[in-house]
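Take a look at the structure set out below.
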Amino acid sequence: AEQLPEKTKGEKVFRFQVLVALMLSSQTKDAVVGMTMRKLQQAGAGLTVENIHSMDPQTLNELLHSVGFHNNKTVFIKAAAETLIEKYQGDIPPTADEMMELKGVGPKMAYIVEQIAFGRQTGIGVDVHMHKNFNKLNWVNSKTPEQTRVQ
């Protein structure tokens, strides 16, 4: 997610692209995320909040077709673009807690975005594999990745 965004397009665009890359990454191979990010960056006016906001949902869905759960991700990314314009002047939320208010963004994703986009870490992203392994090692006793993160 750190290598895919276009750093030369400005901080807001970079941060938005970090968020989109992580939203795309769920249930999708890295190579497919990379290919899809390049398609989005080359579509219309590029991968910006404003371009995604104004893009027809069907066009966005076609661009996301290769990623897992592309129909849901289309809805989540469109909704995120709208929220970012309405509440954050086209930027991403400044905290992980606020990012988690966006549809499709959970704790793991929010903490990773926060670290890459702002260089700040207020929590760790725990995925299902870490959760299972930490329980096997008896480092935690939890039922969900979020419970593992908190412990």
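The values are calculated or read from the model by the stated rules, or taken from the named source; none is laboratory data. Quick caveat: nothing in here was measured; it's all calculated off a predicted structure. Ideal geometry is used to build each Cβ from the backbone, glycine not excepted, and the neighbour counts take in all protein chains shown. Accessible surface is based on the protein model in full, side chains and every heavy atom, while ligands, DNA and RNA are left aside. Shrake-Rupley method; radii C 1.70, N 1.55, O 1.52, S 1.80 Å.
Some notes on this structure:
- Among residues of segment 40-66, those that are in contact (Cβ under 8 Å) with a residue 40 or more places away in the chain and either closer than 14 Å to Met23 by Cα or hydrophobic (A, V, I, L, M, F, W, C) (or both), counted: 3
- For segment 40-83, a residue qualifies if it is open to solvent by 60 Å² or more (accessible area, probe 1.4 Å) and either in contact with a His (Cβ under 8 Å, 6 or more places away or on another chain) or among the aliphatic types (A, V, I, L, M) (or both), and the qualifying residues are Ala45, Val75, Glu82.
- Looking only at residues of segment 128-151 that are in a helix (DSSP H, G or I) and polar (S, T, N, Q), we find that the one that is surrounded by the most Cβ atoms within 10 Å (Cβ to Cβ) is Thr148.
- Pair list, Cβ < 9 Å and 6+ apart or interchain, from segment 67-83 residues that are touching a residue at least 12 places away in the same chain (Cβ under 8 Å) to residues that are assigned to a helix (DSSP H, G or I) and small (Gly, Ala, Ser): Val67/Ser25; Ala81/Ser54
- Count of segment 1-20 residues, restricted to those that are in contact with a helix residue (DSSP H, G or I) (Cβ under 7 Å, 6 or more places away or on another chain) and acidic (Asp, Glu), is 2.
- The residue that is farthest from the chain's Cα centre (by Cα), counting only those in segment 24-45 that are closer than 17 Å to Lys78 by Cβ and hydroxyl-bearing (Ser, Thr, Tyr), is Thr36.
- For Phe69: the one exception among (1) closer than 19 Å to Phe16 by Cβ; (2) out of contact with any Leu (no Cβ under 7 Å at 6 or more places or on another chain); (3) hydrophobic (A, V, I, L, M, F, W, C): (1)
- Taking the criterion of being over 11 Å from the mean Cα position of the chain (by Cα), over 18 Å from Ile52 (Cα atoms), open to solvent by less than 60 Å² (accessible area, probe 1.4 Å) and without any contact (Cβ under 8 Å) to a residue 12 or more places away in the chain, the only residue of segment 84-127 that qualifies is Glu98.
- Among residues of segment 7-31, those that are crowded, with 16+ Cβ neighbours inside 10 Å and in contact (Cβ under 8 Å) with a residue 24 or more places away in the chain, counted: 15
- Filter result for the condition that a residue is more than 22 Å from Gly106 (Cα to Cα) and of a type in the set (Lys, Arg), over Lys9, Lys87, Lys78, Lys29: Lys9
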